[in-house]
Amino acid sequence: CFTNKGFLEECDVPECYDLPNCAPQCALNAASCGRDSIRQIDYRGSINVTKSGIECIRWDSENSTWKPQDYPNAGLEGSFCRNPDGDTLGAWCYTDGGNFEYCDVPKCEDLLLSPNCED
C-alpha cells in the first residue's frame, strides 16, 4: 500500500475469503484452490492428476512415504494432490513407481483477481 505520505508500506489487507460479506464468487475455500502465499498446503480439493496428465496414486499405497496416519492434518485422503511438506512449488502427488509430480491446482490469489471477483 502507498501511505498518504507517499511511502510504500506493508498493509494488513484481509483476503476475500476471510471476509464475512464477501461476494459468493470470491468466497474461495480449500476445496477450490490453494493459497500460493502458503505454498498450497491448505488445498483440499479433488484434483488427482499431475500437470503432465499422469494419475496420482493413493497416499496410503506402499509407494507413498507420506502416510495419512503419520500426517493426520495434511489431508492425505485418496489420491488427491496435496502439499504435506510445504514444497515451494505447491501441491503434488505420487505416481506409479513412487515418483512424484506437481499438480495444476488453481491459486486462490489468481481466482480472486479474475474478472468475476472485481466487486
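The values are calculated or read from the model by the stated rules, or taken from the named source; none is laboratory data. Treat the numbers as computed from the prediction; the structure is a model and nothing was measured. Cβ placement follows ideal geometry from the backbone for every residue including glycine, while neighbour counts extend to all protein chains displayed.
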Residues P68, P14: which one is modelled with pLDDT of 90 or more, at negative phi, in a loop (DSSP other than H, G, I, E, B) and not hydrophobic (A, V, I, L, M, F, W, C)? P68
Checking G86 against (1) surrounded by fewer than 17 Cβ atoms within 10 Å (Cβ to Cβ); (2) at pLDDT below 95; (3) at negative phi, only one condition comes out false. Which one? (3)
Residues that are under 20 Å from A31 (Cβ atoms), of a type outside the set (A, V, I, L, M, F, W, C) and in a loop (DSSP other than H, G, I, E, B), drawn from region 41-60: D42, Y43, R44, G45, S46, N48, K51, R58
Sole miss for I47 among (1) over 15 Å from C108 (Cα atoms); (2) at pLDDT 95 or above is condition (1)
Every listed condition ((1) of a type in the set (S, T, Y); (2) modelled with pLDDT of 95 or more; (3) surrounded by 18 or more Cβ atoms within 10 Å (Cβ to Cβ)) holds for Y102 save (3)
